[in-house]
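The values are calculated or read from the model by the stated rules, or taken from the named source; none is laboratory data. What you see is a predicted model; the values in this text were computed from it and never measured. Using ideal geometry, Cβ is built from the backbone for each residue, glycine included, and neighbour counts are taken over all protein chains shown. Accessible surface areas use protein heavy atoms only, side chains included; no ligands, DNA or RNA. Shrake-Rupley method; radii C 1.70, N 1.55, O 1.52, S 1.80 Å.
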Amino acid sequence: MLTQLCYASSRVESRNDLLQDLSDILATARSFNQAHDIYGVLYYAEGIYFQCLEGEKDQLESLFSNISQDPRHHQIQRFPDHTIEQIHFKKWSMKYVNQHGKITKLFKAMGLEQFQPHQLHAEQMSKFLHLLLKMEETQHELQPRAGLTKRGYQNYF
């Protein structure tokens, strides 16, 4: 049975910096997810991870059990699971979406002053997931930028 499992958690400060934690999470997730036909998205902002995973229920339960024991996560809140007919994030074994102004605007439009996914009800969660999916469909390969203020910056993830 195909299932969608979403959760939010607070980042635990560790000896690693944020970029190292995100890099480690993404490398592990991409490898594991690809081998187990799990797809999803990770978004991080304001000290909070949000992840939505899609795949077979048994595989997701096993994965979530591991995530729950990951010392980088604190105050994990799992949202109600949904049975789905198809994988929405099929292109992503684990996609990282950079902190984005469109998401900030969405949360403000929903009456939230900052990124607080744990405050969302079902309809709002659906809008948030739709935006993450829409961003994936329209996101273009980033080109290195050069110039005085953007000296060759390239997206790390």
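Before moving on, here are some points about what is shown:
- Residue in region 84-104 that is farther than 20 Å from Leu19 by Cβ, in a helix (DSSP H, G or I) and among the basic types (Lys, Arg) present: yes
- The set of residues in region 23-39 being surrounded by 15 or more Cβ atoms within 10 Å (Cβ to Cβ) and either at pLDDT 95 or above or not in a helix (DSSP H, G or I) (or both) consists of His36, Ile38, Tyr39.
- Cross-chain or 6+ apart pairs with Cβ under 8 Å, region 111-134 first and farther than 20 Å from Gln75 by Cα, then of a type in the set (Lys, Arg) and open to solvent by 20 Å² or more (accessible area, probe 1.4 Å): Leu131/Lys102
- The lone criterion from (1) at pLDDT 95 or above; (2) crowded, with 20+ Cβ neighbours inside 10 Å left unmet by Thr3 is number (2).
- Residue within region 81-99 that is under 15 Å from the mean Cα position of the chain (by Cα), surrounded by fewer than 13 Cβ atoms within 10 Å (Cβ to Cβ) and of a type outside the set (D, E, K, R) present: yes
- Qualifying positions in region 45-58 - surrounded by fewer than 20 Cβ atoms within 10 Å (Cβ to Cβ), more than 15 Å from Gln75 (Cα to Cα) and in contact (Cβ under 8 Å) with a residue 24 or more places away in the chain: Ala45, Glu56, Lys57
- Residues considered: Leu42, Leu129. Of these, the only one that is assigned to a strand (DSSP E or B) and crowded, with 17+ Cβ neighbours inside 10 Å is Leu42.
- Residue in region 56-73 that is modelled with pLDDT of 95 or more and not in a helix (DSSP H, G or I) present: yes
- Exclusive hit being modelled with pLDDT under 90, open to solvent by 50 Å² or more (accessible area, probe 1.4 Å), outside any loop (DSSP other than H, G, I, E, B) and not aliphatic (A, V, I, L, M), set Lys108, Lys134: Lys134
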